[in-house]
Amino acid sequence: MPQVLSYADAVRLLGGRDSRVVAALESLTSGALLGAAVPFPVVLGWFDAKSELARLGHQLVRGLAERRGGLSRYGRTQRLEAAHAVLVVTAYFEALAEADLPIAVADLELTGEEQLAVAGGGGVGTGLPEAIFALAPLLPGPQEPHDRLLETLREHYRGVSTGLARFVGGLAVWERLPETARNSFRRTLEALPPAACARYAELFRQLGADFPEVAFWSGLREHAATRAELRGLGVALTGLGRVLDGISTGRVPDERRAALARANEAALDRPIVEAGDVPPGLRVPALGEAYVTPLYRVARAGGRISDETWWSDVEVRDDLQEFLAAFLTSPRAVEAPLLVLGQPGSGKSVLTKVLAARLPAADFLPVRVVLRDVPAAADLQDQIEYAIRAETGERLDWPALARSAGDALPVVVLDGFDELLQATGVSQSDYLGRVAAFQRREADQGRPVVVVVTSRTSVADRARAPEGTVAVWLEPFDEPRIAAWLRVWHRVNAGHLAARGLAPLTPAAVLPHRELAGQPLLLLMLALYDADGNALQRLSTGLDQDELYERLLRSFARREVTRHRPGLPERDLDRAVEEELRRLSLVAFAMFNRNTQWVTEADLGADLAALTGDPPPPAAGLRAPLGRAEIVLGRFFFVHRARAVRDGSQLGTYEFLHATFGEFLVARMAFQALRDLAARDAAATLSFGAAPADDDLLHALLSFSVLSVRTPIAGFLRGMLSRLDAPERAALAGLLVRLLRRVHHAPAPRRLAAYQPRTLPVPARYAAYSANLTLLAVHAAGTLRVSEIVDEEAVAGWKRQSMLWRSQLHWDEWQSLVELLTLERVWVGDARDIVLGVDDGTFRTPPVDLYWTYEIPPSDPRRGTLTLAVSRDNEYLRRRTNFLCRTSDDAAVHSLEPLERSLPAASRTMADREGLPLRSVAHALLEVWLLKADGATAEERERALRHFTELVRRTPGLEGWERMVEP
């Protein structure tokens, strides 16, 4: 069926071939009458046949309702699309039939040329078939509000009325009609669009009453019980299954389809995570009882769908089951994929499992393809067949299986597009295009198929979305969904909790940690943590975020060590737990220093070997040995492993289910490495001739990326440092100052030089390391004077250091430094200095102090009588700006060009007078000019004018300048 369904297509699809009107329509649209003498009654029948067209529309739709049985799932969808197209035309002609047209057919007296134009042959205006019957794809979309469809439809009807008016206005007889008849005709056509829309809405509701999926298409559901069943929390999409069962038209599936259905349904009985990941006695709820339908946003794919800020402008909806019912029964579902997006742990994969289990086998043939488990280089059909074999144990040819579906509509779910990208590292920009091409091919072969693709949000733009792709973004859990999930958790573990004297985990204990509780898997993590003596509920309400993360991760590490190494003495257990956390921290640094949210197994293995010096793990019999990464991460379910198969080998990447875990571990490792270094340094100072502190590990970790580029890291560091006593913080600050002074000198050979997460030139690594040491020193000390960390005059040293950062760091890193650090220009006696601090959100950049800029200390007797001329004119400023090509400098010079051109001395002359600060004459002049625009009071303007006048009158060479401003 063509994507743009015309009225003639719709009528033929609904079986309306015997009508006189349809016969005439087919003749006109086929061009059979063009060039011939067109019979007057046939052509003019479009006006007289309005009642006949309306009657025909009702007859065709009524016939569909009577013949609803015996249609395949997609055959029913096709005919409903046709019925909707017929309704669009029927509504207009019903409104036209009820209108009081002031022009009778007999009054028109068409010429032969005009009759051909009516038939679409051109010559006069627009042919009526083109205006009325060549419908645009006016079809409700489940992602669009119904009001938007009505507005589109109103525009369509306006176009139809405009076409009729243009056609009649182009006839010779139009000029002979009375003016009153012309005006009445125009007014009648102008009133038709709203009347036709109202009639369409009524007809649409009638069609939706007979066919519920039509109502789903537009979000109009009159049946309150059905609506309640499909909205809200919805456990495991049970409402979706019941509604689709209620409109089922298919037959009992054959054994092959039944085998796939059994495999899909079995997923509902399995726990949401592996049983080995939970303490003995606790039961992880099964997917079928624990899946809570999330909130979501939906939009046409395109633009910036990988940008969460883009999604913030899209409405949040709570009718995911309704949307899925609408999408799966809509005509456009077989033309482009549905893209399901979300963060790691947001429930994308479990949604596909539940969806595949809930689709009625009589009407749908769901095939779930886990992309991590199929050959990455294979084409889509091979991947589908591979997944079918993995689920059923049978080799099934896809075309044969699709043909055997009979009445059922195949639904292919491709789960984990982001894993395919991460694990293989291969560009997949045409992946969604290949999916749409597969759908086109299958439709051409009479095997239409729906395809659903899941992906992490941040990589969604790695593949171009074909026209018609709809994207769904899964929202974090809100309070009702958190509470619903906790009720399930308590129900399945009530006996265990009661036996241990534990209180149920309440929403009140979880909601302070919304960042974690909003993701289903991380909510499970909080529940598991609390199951150990109500640990979460016993937390102090004033607990810092870093303390919460420390306790969470330490608890899980301790449990895993105990499970794998039972019987360890307490001291050894603590040491083993710390070792686990440090290894996890190295994983976090592997991602941080590569500026990614994941790391490949190969890269992580290389990092661990370089930093820990551990030998490769031994082989276990004939099996391949576990890699270092698998040993470190295989035990933690909050670390997600993405997999893909390429050339028969398993490729893998790792990421944290929540990015903040990695950011906490980066801060933790940096903090502990610094404390360890301080402890060794303190011990070394007790020995004569001790070597300088060995900062190799700190340098290796902190010389590739700047800590401030991830905002939470700074917050975690502040929390950790704030709990140290004053002497230890001072010792850390002193050590960092010494390291900063030492790093300015020629770098010594580094012991951990093999650690190379990415290739950077030496200046870039020096810039990153010095920036990180500065950040740590400022956080430890609270404030830091630049004169403490440079071996030259403070301002000169700072210029050198900051320009190096600007030239060597990535723009995001440089920007993060500027935004996090505060800088105050101060005097220490008569010497200039700079004080660095951390912005707590209250810092405001002070105005420029030209005394400080031009090194005129407070004790200088010239203050109050100064007139300075800039040594270089502004041509040098323009040349330097042109040379550097920096956007901000270009903008500043551009803004000042008119002033420099007309009054060059104004910006080169600096002056002060008693009671007035040192400033340029240009500054004072602009202040006077702009105060009025700023809404200043008359007194403020008068004071500024008086200051300006006093300044120029007492400055040699500026006599008469006071006339530049109005008094």
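The values are calculated or read from the model by the stated rules, or taken from the named source; none is laboratory data. From a predicted model like this one, the values you see are computed outputs, not experimental measurements. So basically every Cβ, Gly included, is an ideal-geometry build from the backbone, and we count neighbours across all protein chains shown.
If the condition is being modelled with pLDDT under 80 and surrounded by 15 or more Cβ atoms within 10 Å (Cβ to Cβ), then the range 244-255 contributes I247, S248, T249, G250, P253.
Selection of the range 460-491 for residues being among the β-branched types (V, I, T), within 22 Å of A290 (Cα to Cα) and either out of contact with any helix residue (DSSP H, G or I) (no Cβ under 7 Å at 6 or more places or on another chain) or crowded, with 19+ Cβ neighbours inside 10 Å (or both) yields V472, I482.
Screening D269 with (1) closer than 22 Å to V411 by Cα; (2) surrounded by 16 or more Cβ atoms within 10 Å (Cβ to Cβ); (3) modelled with pLDDT of 80 or more; (4) not hydroxyl-bearing (S, T, Y) gives one miss only, at (2).
Count of the range 825-853 residues, restricted to those that are under 23 Å from I789 (Cα atoms) and over 48 Å from the mean Cα position of the chain (by Cα), is 4. When the residues of the range 694-741 are filtered to those that are hydroxyl-bearing (S, T, Y) and not in a helix (DSSP H, G or I), the one that is nearest to L674 (Cα to Cα) is S703. As an exercise: evaluate W473 against (1) modelled with pLDDT of 90 or more; (2) more than 30 Å from T506 (Cβ to Cβ) and give the number of the one condition it does not meet. Checking W473 against (1) modelled with pLDDT of 90 or more; (2) more than 30 Å from T506 (Cβ to Cβ), the one that fails is (2). Only helices (runs of 4 or more DSSP H) whose full extent lies in the range 877-967 are considered here, and the ones with at least 2 residues that are β-branched (V, I, T) and surrounded by 13 or more Cβ atoms within 10 Å (Cβ to Cβ) are 921-931, 938-953. Being charged (D, E, K, R), within 30 Å of L516 (Cα to Cα) and touching a residue at least 40 places away in the same chain (Cβ under 8 Å) is the filter here, so list the residues in the range 316-346 that pass it. Passing the criteria: D318, D319, E322. Apart from one condition, G689 fits all of (1) at pLDDT 80 or above; (2) farther than 28 Å from Q428 by Cα; the exception is (1).
Annotation: A326 fulfils all but one of (1) part of a loop (DSSP other than H, G, I, E, B); (2) modelled with pLDDT under 90; the unmet one is (1). Inspection of the range 489-497 identifies no residue that is of a type in the set (K, R) and within 15 Å of D530 (Cα to Cα). Of the residues examined, S787 is not one that is more than 24 Å from A731 (Cα to Cα) and of a type in the set (S, T, Y). Among residues of the range 288-310 being aromatic (F, W, Y) and at pLDDT 90 or above, the one that is nearest to the chain's Cα centre (by Cα) is Y296.
Among the residues of the range 861-876, those that are surrounded by 10 or more Cβ atoms within 10 Å (Cβ to Cβ) and without any contact (Cβ under 8 Å) to a residue 24 or more places away in the chain comprise R862, R872, E875, Y876.
Of everything in the range 756-785 that's surrounded by fewer than 17 Cβ atoms within 10 Å (Cβ to Cβ) and not charged (D, E, K, R), which residue is farthest from S807 (Cα to Cα)? Per the stated criteria, the residue is G782. Residue check: A259 meets all listed conditions (1) more than 25 Å from the chain's Cα centre (by Cα); (2) modelled with pLDDT of 80 or more; (3) more than 30 Å from L401 (Cβ to Cβ); (4) of a type in the set (A, V, I, L, M, F, W, C) but one, namely (3). Where residues in the range 403-459 are in contact with a Phe, Trp or Tyr (Cβ under 7 Å, 6 or more places away or on another chain), at pLDDT 90 or above and over 30 Å from T596 (Cα atoms), which of them is surrounded by the most Cβ atoms within 10 Å (Cβ to Cβ)? Per the stated criteria, the residue is L409. Between a first residue in the range 156-167 that is over 26 Å from P140 (Cβ atoms) and a second residue that is surrounded by fewer than 19 Cβ atoms within 10 Å (Cβ to Cβ) and among the basic types (K, R), which pairs have beta carbons less than 7 Å apart while being 6 or more apart in sequence or on different chains? Within 7 Å, the pairs are A165/R186. Scanning the range 539-574 for residues that are exposed (fewer than 13 other Cβ atoms within 10 Å of the Cβ), farther than 30 Å from A508 by Cα and without any contact (Cβ under 8 Å) to a residue 60 or more places away in the chain yields R565, P566, G567, P569, E570, R571, D572. V737 - would you say it is under 30 Å from G605 (Cα atoms), more than 34 Å from the chain's Cα centre (by Cα), modelled with pLDDT of 90 or more and surrounded by fewer than 23 Cβ atoms within 10 Å (Cβ to Cβ)? No.
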